[in-house]
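What follows is a short report on a single structure.
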Amino acid sequence: MRKFLVVLDDSRECLNAMRFAAMRAAHTGGGVTILSVITPEDFSHWVGVGDIMREEARERIEAHFEVFAKWMRDRQGIEPELVIREGEPVPQIIAQVQDDPQIGVLVLGAGSGKGGPGPLVTQLTRNSGSLPVPITIVPGDLSKEELEGIT
């Protein structure tokens, strides 16, 4: 089964990427893997605090994931899987694509504001020639109806 890999983060455009991935998976008989990356923090002097913060980050990610997972199950009939990795986002996204041979498409949401498409889109498009899968970039300001029309 081909899976769509979508990145769960705090960006507004993440929502449209999630919707697009779920709709495409539903229409093509695919699956969805949701990846969230916990960025490293330097807590070398406070190992216990770092562990607590890491656990709190995992709990927030799981709660956020459940909101998207419920929508995907209820609206699209898709049961997404959650993958949590630690490290810098771009290398972890690339590693996930390389580690899971079922991933067929990387789906990213692009910001539509003055700040440009966002750091993930910018960095990953620079590396797109070395990725083993295509990248789909979903504009963050598309409406639900527009997304339904293109999926």
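Every number here is computed from the coordinates shown, using simple stated rules; none is lab data. For clarity, every value in this text was computed on a predicted model and none was experimentally measured. With ideal geometry, Cβ positions are generated from the backbone for all residues, glycine too; neighbour counts draw on all protein chains shown.
Taken along its three principal axes, the alpha carbon spread of region 1-84 comes to 50, 23, 20 Å, from the longest extent down to the shortest. The calculated FRET efficiency for A63 paired with D100, based on their beta-carbon distance and R0 = 30 Å, is about 0.80. Ranking of I150, I137 by neighbouring Cβ atoms within 10 Å, starting from the fewest: I150, I137. Report the local net charge at K144: Lys and Arg +1, Asp and Glu -1, summed over other residues whose C-beta lies under 13 Å from its C-beta. Result for the neighbourhood of K144: -2. Per the Kirkwood formula applied to alpha carbons, region 3-150 shows a radius of gyration over Rh ratio, Rg over Rh, of 0.98. For a straight C-alpha distance cut-off of 24 angstrom, the lysines reachable from K114 (same-chain residues fewer than eight places away being disregarded) are K144. Peptides 56-66, 3-13, 106-116 ordered by packing proxy, namely the average of other Cβ atoms within 10 Å per residue, highest first: 3-13, 106-116, 56-66. Please compute the modelled spin-label separation between S112 and R126, points set 7 Å along Cα→Cβ, answer in nm with one decimal. The modelled label-to-label distance comes out at 2.7 nm. With θ taken as phi - 60° and the Karplus curve 6.51 cos²θ - 1.76 cosθ + 1.60 applied, the whole-hertz 3J(HN,Hα) list for region 118-123 is x, x, 5, 4, 4, 5 Hz, x standing for glycine and proline. The calculated 222 nm mean residue ellipticity attributable to helices in the chain amounts to -14000 deg cm²/dmol, summing -39500 (n - 2.57) over DSSP H runs of n ≥ 4 and dividing by all residues. Between E145 and V90, the simple label model (points 7 Å from Cα in the Cβ direction) yields a spacing of 3.8 nm.
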